[in-house]
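See below for the structure under consideration.
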Amino acid sequence: MKIKPVRALLIEDDPFIAQLVRKMLDKVRDITFDLVHADSLSVGLEDLEDGRFVIILLDLGLPDSSGIKTLNKVYAQASDIPIIVFTGQDDETLGVNAVNAGAEDYLIKGQTDSKSLVRAIRYAVGRHQAKETLKETTANLKRTVEELKKANQKIINQQKSVIEEERLKMLLQLSGATAHELNQPLIALMDNVELMRFERKIPDKLQKYMQSIEDAGQKIFEIIKRIQTIPQDKIESDDKDNSTEDPDEKISIMSVEESDADFKKISNCLTTFIQLDLTRAKNIKEAISLLNVSSVDLILSEYFLSDGSGLDILKLLSDSKLEIPVVIIAGQGNETIASEVIDAGAYDYLPKNKISEKSLFRSITNTVEKFGLEKKIKLTQGKLAEMSSLEREMKQAQIQLAEMSTRDELTGLYNRRYFIESLKRELARAKRYKRNLGFCMIDLDKFKDINDTYGHLAGDVVLSTIGRMFDEHFRQGELICRSLFEGSGSFSITALSACGIAQ
């Protein structure tokens, strides 16, 4: 598989420096660079309009612009591309200011070789991609949170509307009443009012009273319809993962180094940085022992060890599922080793002859920052997964709420109101398509005797069993409802079919 070249834009007015950078990049074996050179800021900005650059190398001392304002102009046009700035040997403060202003890193002219340049590019691109991924993931999380807030508010509004009904249910249950016991006489009352309306000789005043009775009955019916148990799952917020790290907390570093002289050099380089806590292991065996008894934020490991290599340490951490960033240090620069350890999961590679206070501290800070960004991305993605699961549960709860408003609690069949709505719809459809409509009303005579003789619990069992029996034996496409037309203690199940069976 052919690897796509890394397209880089170099904005540098000195042709010697430009040629030197090109030669440095050409020496890299595992990466091919497509370098575009611009000798002024204006030309560089024109090249940026073409886009598709992976990295920008920017000189802060150009003939048509200099200093931080040069970076600001490039950053304004290409904020989505990582930028590494070049400064003179006396302008290191300018490099630090540039990083604070948005650059990913800075390099000092005259002190940069091929390895340090490529390493800076690797880090800049990786760190920038991690930041962009975190921004995108955070934006997705915010959108999901807003959607969940809306869905949650909808659930809350629905729950508020049934609080009074739930209180009423508790009182009714304490007094020995159930919803269907109230429902049966209420339906009888409502149906009798409907029958009385067919009588044309009703006085106007009586008609007015009947309307008041019907309105009151309708309100009671709505309350009874909601007297049912709604399972509620407690959604607990877990704030354990939201703890913030103390910026002044010390960084624990373990150096795996056999040579006393080399460890002393590393220790001397880090002495001035009080926020770093350095411990030592002479080989992999000692490193394992230390990891078992103490936590480590970062490992600085010699590549060649008496009981293995830096690759063995990386494999050990991976197999043990220990998430600890590793920086590999070797006796001399070797691009093959550098490529191998980076591919195996190391965060950086440093030759011993290039170690200094600045280079070592920069490698440590870059590694800790990149590792922290990756952890935040994983944490955010985990939260998104949790929120997606919560969203599915909320949607399921909404479906259950909608279903409970159309189902009879005891039999599981559709209720009378749903039947009336369906009947109107099926009548209109039958009329439109000139089809017959089948209607079957099944009555349970003397059902009141069962309640009076054996009690309401026995009656409930009878109703539930009959409802299940009809639901299992009716054909698909036929509507079965518990209509609750009351008359002398009877119980009715209504079946409606639009299959043209009635002749």
* Are any of the residues in the stretch 426-437 under 13 Å from Ile480 (Cβ atoms), under 45 Å from the mean Cα position of the chain (by Cα) and part of a helix (DSSP H, G or I)? -> no
* Asked: On the given criteria, is Ser255 in contact (Cβ under 8 Å) with a residue 40 or more places away in the chain and small (Gly, Ala, Ser)?
  -> yes
* Scanning for something modelled with pLDDT of 90 or more, of a type outside the set (Lys, Arg) and touching a Gly at 6+ places or on another chain (Cβ under 7 Å), does the stretch 286-294 turn up at least one residue? -> no
* To do: Return the pairs, sorted by first residue and then second, in which the second residue is of a type in the set (D, E, K, R) and assigned to a helix (DSSP H, G or I), the first residue lies in the stretch 450-467 and is within 13 Å of Leu410 (Cβ to Cβ), the beta carbons are less than 8 Å apart, and the residues are 6+ apart or on different chains.
  => His456/Glu181
* Asked: Which helices (runs of 4 or more DSSP H) sit wholly inside the stretch 1-105 and have at least 1 residues that are over 23 Å from Ser116 (Cβ atoms)?
  -> 41-50, 68-77
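A quick yes/no check of all residues on (1) in a loop (DSSP other than H, G, I, E, B); (2) exposed (fewer than 13 other Cβ atoms within 10 Å of the Cβ); (3) at pLDDT 80 or above:
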| site | (1), (2), (3) |
| --- | --- |
| Arg119 | no, no, yes |
| Arg122 | no, no, yes |
| Leu148 | no, no, no |
| Gln158 | no, no, no |
| Glu164 | no, yes, no |
* **Yes/no for Ala130 being modelled with pLDDT under 80 and either aromatic (Phe, Trp, Tyr) or within 21 Å of the chain's Cα centre (by Cα) (or both)** => yes
* Val36 being open to solvent by 10 Å² or more (accessible area, probe 1.4 Å), within 20 Å of Ile121 (Cα to Cα) and at pLDDT below 90 -> no
* Which listed residue, of Lys354, Lys370, is in contact (Cβ under 8 Å) with a residue 60 or more places away in the chain, open to solvent by 60 Å² or more (accessible area, probe 1.4 Å) and either charged (D, E, K, R) or farther than 30 Å from Arg143 by Cβ (or both) -> Lys354
* Taking only the stretch 87-117 into account, find how many residues are farther than 19 Å from Val21 by Cα, among the small types (Gly, Ala, Ser) and surrounded by fewer than 18 Cβ atoms within 10 Å (Cβ to Cβ). => 2
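Open to solvent by 20 Å² or more (accessible area, probe 1.4 Å) and modelled with pLDDT under 85, is that true of Ser66?
Details: open to solvent by 20 Å² or more (accessible area, probe 1.4 Å): yes; modelled with pLDDT under 85: no.
Spelling it out, it is not the case that Ser66 is open to solvent by 20 Å² or more (accessible area, probe 1.4 Å) and modelled with pLDDT under 85.
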* First in the stretch 318-344 and in a helix (DSSP H, G or I), second anywhere and basic (Lys, Arg) and open to solvent by 60 Å² or more (accessible area, probe 1.4 Å), Cβ under 6 Å, 6 or more apart -> Glu335/Arg29
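If a residue must be open to solvent by 70 Å² or more (accessible area, probe 1.4 Å) and closer than 22 Å to Ser422 by Cβ, how many such residues does the stretch 438-466 contain? Even if it seems obvious, please write down each step before you answer.
Within the stretch 438-466, the subset open to solvent by 70 Å² or more (accessible area, probe 1.4 Å) is 439, 441, 445-446, 448-449, 452-454, 456-457, 461.
If we keep only those that are closer than 22 Å to Ser422 by Cβ as well, we get 439, 441.
So the count comes out to 2.
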* Asked: Being without any contact (Cβ under 8 Å) to a residue 12 or more places away in the chain, outside any strand (DSSP E or B) and open to solvent by 20 Å² or more (accessible area, probe 1.4 Å), is that true of even one residue in the stretch 291-305?
  -> yes
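The values are calculated or read from the model by the stated rules, or taken from the named source; none is laboratory data. This one's a predicted model, so the numbers in the text were calculated from it and none came from an experiment. Note: ideal-geometry Cβ built from the backbone for every residue, glycine included; neighbour counts use all protein chains shown. With ligands, DNA and RNA removed, areas are computed over all heavy atoms of the protein, side chains included. Shrake-Rupley method; radii C 1.70, N 1.55, O 1.52, S 1.80 Å.
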